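The block underneath contains the structure these notes are about, expressed in structure tokens.
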Amino acid sequence: MILFAHSFFLAQDAKQREKMKPYAPLSTLLAAALVRRAGREVVLFDATFEAGPQAFIVALERLRPSGVVLMEDNFNFLTKMCTAVRRESALAMVRAARARGCRVAVNGPDAADHPELYLEAGAQVVVLGEGEEAVAETVACWERGEDPDAVAGLVLLGEDGRTQRTAPRRAMQNLDRLPPPAWDLVDVAAYRTAWTRAHGRFSWNIATSRGCPYACNWCAKPTFGRRYTVRSPGDVVREMARLKAEIAPDHLWFTDDILGLDVDWICDFADGVVAAGAAIPFSMQSRVNLMTERAVAALAAAGAREVWLGVETGSQKILDAMDKAATIEAARTATRVLKAHGVKACWFIQLGYPGETWEDLLATRDLIRQEGPQEVGVSVAYPLPGTTFHDRVAAQLGGQRNWKDTGDLAMLFQGTYDSAFYRKVRDVLHREVDTGRWDDAAWTVLEAQAVLHRSPAPSTLAVEA
Ligand code: SF4
């Protein structure tokens, strides 16, 4: 028996507990479905509603699996940012499985970035990248009593105790070949209850694509890479029809970095959804340059209710420094087109990118005031390993390399201002958007306080870049 698991315990993340928007671990369910299709018995430890790693130990003792696959949900953006507490949980789970004689495979961005940590904790393999096929091949090797060293896309410990990599694995090209996620392994009722109690509706997740071809220099793509591989519109519509019949969510969250890179794909998808009667109101992410009139009209017809856009800032200088390949003008246009079609325009805003001045912060505030996004998600620049941005600020990174939890909002490098100041700016921006009232007095206070919160040696890298 193979026990699949992931390490995201809602109980350990105060911000996410408060938000209460849990999603089933999609990557884990896809890999479990693939292994099961090969005829193997699979079970799931779904950490989401459990208290902590101790519950995993109880599951190990009860189930006594021969192998454990700790597979993080690569489709969940929370997974990209490995918090300190999450890493501790994952390593504790690896150690516990190993101590009970299980073979252990791990997949996820943190394991890909720091394979030695997981191998030293007792994992036999770290599976790089998207993982499903490599996990299935690894499990097949275990069952045959073979070492998986001929499986592409792994990191293992060699006989000399040093890490070694197997041949690189090509990303999956035909995603339609994957089985449907093994939804039967999760407690759907628990997710339904959590959502409906907190929000009065039940949301479920679905993915149509992997990767993103853009190159925003702070954005990590440890799993899917700089590419765009997409399922056929028909395959996605079939999954939506099954979801309607088997899970019956009130709402869908498309996990894609970009839902619909190509407008013809979007139109085919929308036509298919309408023809199959498979529409479920949904939220999605895209880019400002892709929200054309034709794309938005089709998305609205398919059920789009809310589109999240990485607007990031009101300063073109900062957008350019981020290599965002976007303009402030395009953000304005996209927002207006969405609103004209009755779709909520929601913005991701990023504070504290190197070189951002007080005037740039005011430009961000003013853009929000002028265009009126219906919701904003405000964060600070976060140096994710493997990004150009991380390399640029690497020399400034101190002892804290990860946020404690997803609500931390700590500046991990020398921004223009300190963490406390950006938290105040975040709170004022949120308040203005949530209430629809501009709070000039709060900005006057912030301006007066700014000098006290200035970093001793703020990075000006964005300007130099
Ligand atoms: S468009 Fe989004 S997903 Fe793509 S590189 Fe930029 S931030 Fe990352």
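Filter region 316-345 for residues that are touching a strand residue (DSSP E or B) at 6+ places or on another chain (Cβ under 7 Å) and farther than 16 Å from Asp366 by Cα; which is nearest to the ligand (Cβ to nearest atom)?
Filtering first and then ranking leaves Lys324.
Is it the case that Ala198 is under 30 Å from Ala220 (Cα atoms), touching a residue at least 12 places away in the same chain (Cβ under 8 Å) and not polar (S, T, N, Q)?
Against the criterion (under 30 Å from Ala220 (Cα atoms), touching a residue at least 12 places away in the same chain (Cβ under 8 Å) and not polar (S, T, N, Q)), Ala198 does not qualify.
Can you confirm whether region 24-34 contains a residue that is over 27 Å from Ser209 (Cα atoms) and in contact (Cβ under 8 Å) with a residue 60 or more places away in the chain?
No; the residues of region 24-34 include none that is over 27 Å from Ser209 (Cα atoms) and in contact (Cβ under 8 Å) with a residue 60 or more places away in the chain.
Going through Arg231, Arg177, Arg210 one at a time, which residue ends up being closer than 21 Å to Ala112 by Cβ and outside the structural domain of Ala24 (by TED's automatic domain parsing)?
After ruling out the rest, the residue left standing is Arg210.
Looking only at region 251-296, count how many residues are surrounded by 19 or more Cβ atoms within 10 Å (Cβ to Cβ) and basic (Lys, Arg).
Adding up the residues that qualify gives 1.
Would a scan of region 293-300 turn up a residue that is of a type in the set (Val, Ile, Thr), within 15 Å of the ligand (Cβ to nearest atom) and farther than 26 Å from Glu130 by Cβ?
No: zero hits.
Can you say whether Ala182 is within 11 Å of the ligand (Cβ to nearest atom) and either basic (Lys, Arg) or out of contact with any Ser or Thr (no Cβ under 7 Å at 6 or more places or on another chain) (or both), as far as the supplied structure shows?
Taking the combined requirement at face value, the residue does not satisfy it.
Can you give me the ranges of the helices (runs of 4 or more DSSP H) entirely in region 1-69 with at least 1 residues that are of a type in the set (Val, Ile, Thr) and within 22 Å of Gly131 (Cβ to Cβ)?
Once the helices (runs of 4 or more DSSP H) in region 1-69 are filtered for at least 1 residues that are of a type in the set (Val, Ile, Thr) and within 22 Å of Gly131 (Cβ to Cβ), what remains is 26-37.
For region 185-234, how many residues are of a type in the set (D, E, K, R), within 16 Å of the ligand (Cβ to nearest atom) and part of a loop (DSSP other than H, G, I, E, B)?
Going through region 185-234 one residue at a time, the tally reaches 3.
Pairs only if they're at least six apart or on different chains, beta carbon under 6 angstrom, first in region 218-238 and on the phi > 0 side of the Ramachandran plot, second within 14 Å of the ligand (Cβ to nearest atom); list them, first residue then second.
Pairs found: Gly225/Gly211.
Got a sec? Which of Val104, Val139 is touching a helix residue (DSSP H, G or I) at 6+ places or on another chain (Cβ under 7 Å) and closer than 18 Å to Phe8 by Cα?
Val104
For region 280-292, name all the residues that are within 16 Å of the ligand (Cβ to nearest atom), in contact with a Gly (Cβ under 9 Å, 6 or more places away or on another chain) and not polar (S, T, N, Q).
Across region 280-292, the qualifying residues are Met284, Arg287, Val288, Leu290.
Scan region 148-170 and report the pairs whose first residue is assigned by TED's automatic domain parsing to the domain that holds Ala112 and at positive phi and whose second residue is surrounded by 17 or more Cβ atoms within 10 Å (Cβ to Cβ) and hydrophobic (A, V, I, L, M, F, W, C), with Cβ atoms within less than 8 Å and a gap of 6+ or a chain change.
Gly153/Val127; Gly153/Leu128; Gly153/Ala134
Within region 221-234, is there a residue that is over 20 Å from the mean Cα position of the chain (by Cα) and either surrounded by fewer than 21 Cβ atoms within 10 Å (Cβ to Cβ) or of a type in the set (Val, Ile, Thr) (or both)?
Yes, region 221-234 contains a residue that is over 20 Å from the mean Cα position of the chain (by Cα) and either surrounded by fewer than 21 Cβ atoms within 10 Å (Cβ to Cβ) or of a type in the set (Val, Ile, Thr) (or both).
When you scan region 301-315, how many residues do you find that are away from the ligand (no atom under 16 Å from the Cβ) and either outside the structural domain of Gly272 (by TED's automatic domain parsing) or at negative phi (or both)? Can you show your working first?
Here is the first cut: in region 301-315, the ones away from the ligand (no atom under 16 Å from the Cβ) are 301-306, 314-315.
Now restrict to residues that are either outside the structural domain of Gly272 (by TED's automatic domain parsing) or at negative phi (or both): 301-302, 304-306, 314-315.
Result for region 301-315: 7.
The values are calculated or read from the model by the stated rules, or taken from the named source; none is laboratory data. Keep in mind that this is a model prediction, so the values were computed, not measured. Quick reminder, even Gly has a Cβ in these numbers, built from the backbone with ideal geometry, and neighbours come from all protein chains shown.
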